Structure formats: structure tokens, C-alpha cells
Amino acid sequence: MSLMRRDSTMGRDRLAQTRIALILESEGLGLEIGYHGHSCVQLTHGGHSLIIDPFISGNGLAVTRPEEIKVDYVLLTHGHTDHTLDAVPIAKNNDATIVAIHELATYMSWQGAKALGMNLGGKVSLGFAEVQMIQAFHSSSVIVDNEGQIIYAGMPAGFIIKWDGMTLLHSGDTALFSDMKMIGERNRIDLAFLPIGDLFTMGPEDAVTAAEWFGAKKVVPLHFNTFPPIAQDGEQFISKLAEKGIGGRSLSPGEKMTL
Ligand SMILES: [Zn+2]
């Protein structure tokens, strides 16, 4: 009888512990991640929100409309249209500031948006979060098709975002590079957004190595399936990560998750 009682108490304790673990796992600190397709993610927490690389109106897979986006800041990793298309309208609608590398920020300010320029290695406080600009290996320009012009838009970049004890990394469009290890040594990355589309950026195999080098606990893949040349299997990428002990989730446009 007493043995049985002890067993059932232990069972209840275990159940309670499991329940607490599940709550912590599912709720975390409550930072909401919204995926708008391609490389566009929106982070929302504590009454504030920022969006990175808004390319929504030109993305046939997107389910959101740029007019619906409510944010305090718009972060841009580089000047290519598939990362910047809706930046100015979203910034203007929300009286939000565009944060980008100096040249691109200047270009955005010429389009009538509020803009804050920074450069690689620099940090800026947004009040509710701290953003550091990190390097990316890619190219960056604004291509003015009808004038046959390519405007220099500064270096391409990624961002490390520290927000209420959580650290997120958006690598921007990039190849694999060995200083990802150095960035991983100096930061505890809770979640990394990494491109997996290949052709213009890392493919899935290099992105798994990037996740390891960044020391990311979780990864959300970006920059794939938007156009046929960058078709990839997001779920297969997640299982390759799992083989290395790294968590992750492949989101569909319009889907949300909580960190
Ligand atoms: Zn690009």
C-alpha cells in the first residue's frame, strides 16, 4: 500500500515536471517568429516588432500583404530586390526606421524612408533589442532595370539580435565562411535563420555546417522554394540538422512559431 502510494506520488511528480518542461519548451520567453516567405521574418515580443528583408508583394508564395505589417523597424541585409522590395512602403506606413549598411540606408532615405545607417561589426540599440551587423559573403546592389544601372549598395550583411535574453541570428544571403566559427564562439545563438536555396547562397549541406559553426541551437531555413532554381526540401534539411543534434523547423509562408 505504502509502496503503491509512493509510486503514484512519484508518478505525479514526474507528470508535473514533464508538464512544466513542456510549458517552458512550448512558451519559452514568448518571442513570436512570423515567416512571410523567402528571407523575410518578423520578430515580435513585448509590444515591439521588427521585420527583416521584406519581399512580400513580389512573392507568389506569400500569404500576407505588406499593408498588414505592423513594425517598429525594418532591417535589411543587402540591396537585392528579393530582400528590399516592400521595405520603403512598410517603413512609411508604420513610421518605422530602416536599419541597413550605410550606403543602402542612404539609398532608402532617398526614397523617403527614415533610415539608420551602420556598418559591419557595429551595434545599435533599438530600445527593446540590440542589433549587431555581421559579415556575409554575397554581393549587394540596387539594380535599376529600366535605366540599365547597377547601384552599389555597400557590403552585404547579417544581423545578430539580442532581445530579452534571447539571441537570434539572420545570416542574410551568404556562402559558408570560416569566421562563422568565431561568431559562434562569441555568441550563444538560440536560433539562426540560414539560407539553403543554393545557386545564389549556401545550399543545404553548407547550411548544416554553418549551423554547427554558429553553434545554433535551432535553425529556420530561408531563401528556398520561392523560385524554381532555388527549390529545396526544407524537411530533409531539418533531419540533416537533427543528425548533428541541432533543432529546427521549416516554416511555410504565413506560419508562426514561438521561441
Ligand atoms: Zn541577394
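We did not get these values from a lab; they are worked out from the coordinates using the rules stated. Because the structure is predicted, anything quoted here is derived from the model rather than measured. Methodologically, a virtual Cβ is constructed for each residue, glycine included, from the backbone with ideal geometry; neighbour enumeration extends over all protein chains shown.
Where does the charge balance sit around HIS36 when Lys and Arg score +1, Asp and Glu -1, over other residues with C-beta under 14 Å from its C-beta? Surrounding charge for HIS36 is -4.
Distance from the C-alpha centroid of the range 123-166 to that of the range 51-77: 15 Å, rounded to the whole angstrom.
Relative to the longest principal axis of the Cα atoms of the chain, the long axis of helix 204-214 makes an angle of roughly 70 degrees. Helix 2-27 axis versus longest C-alpha principal axis of the chain: approximately 0°, rounded to the nearest ten.
Let's see if you can work this out: charge +1 on each Lys and Arg Cβ, -1 on each Asp and Glu Cβ, no other charges. What is the dipole magnitude of the range 130-259 about its Cα centre, in debye to the nearest 20?
Working: 10 positive and 16 negative charges, 98 e Å.
That gives the range 130-259 a dipole magnitude of about 480 debye.
The distance separating the Cα centre of the range 79-103 from that of the range 190-252 comes to 25 Å. For the residue pairs LYS114/LYS218; LYS70/LYS218; LYS114/LYS162; LYS70/LYS240; LYS92/LYS123; LYS92/LYS217, the alpha carbons lie more than 30 Å apart in LYS114/LYS218; LYS70/LYS240; LYS92/LYS217. Below 9 angstrom from the Cβ of GLY58, what's the summed charge of the other residues (Lys, Arg +1; Asp, Glu -1)? Local charge sum for GLY58: -2. Couplings for the range 91-106, taken from phi via the Karplus curve 6.51 cos²θ - 1.76 cosθ + 1.60 with θ = phi - 60°, read 4, 5, 4, 9, 6, 8, 9, 8, 10, 7, 4, 2, 5, 5, 4, 4 Hz in order; Gly and Pro are left as x. Computed packing ranks the peptides 225-232, 53-60, 83-90 as 83-90, 53-60, 225-232, most packed first, by mean other Cβ atoms within 10 Å.
Amide hydrogen proximity for PHE137: with H placed 1.01 Å from N in the peptide plane, the residues at 5 or more positions away or on another chain lying under 5 Å are ALA175. With a cut-off of 13 Å between beta carbons, the residues surrounding ASP233 carry a summed charge of -2, where Lys and Arg count +1 and Asp and Glu -1. Axis angle, to the nearest 10 degrees, between helix 234-243 and the longest C-alpha principal axis of the chain: 50 degrees.
Can you give me the relative contact order of the range 31-258 as a percent, contacts being Cα pairs under 8 Å and 6 or more apart? Present the calculation step by step, with values, prior to reporting the outcome.
Details: 565 pairs, mean separation 37.9, N = 228.
Averaging sequence separation for qualifying contacts and normalising by length gives 17 percent for the range 31-258.
Rounded, prolate or oblate: pick one for the chain, where a ≥ b ≥ c are the square roots of the eigenvalues of its C-alpha gyration tensor, a/c under 1.5 means rounded, and failing that, prolate if a/b is larger than b/c, else oblate. Prolate shape, in that a/c is at least 1.5 and a/b is the bigger ratio.
Could you tell me whether the range 103-204 comes out rounded, prolate or oblate from its Cα gyration tensor? Rule is a ≥ b ≥ c as square roots of the eigenvalues, rounded for a/c under 1.5, then prolate if a/b exceeds b/c, otherwise oblate.
Numbers: a/c = 2.39, a/b = 1.29, b/c = 1.85.
Oblate.
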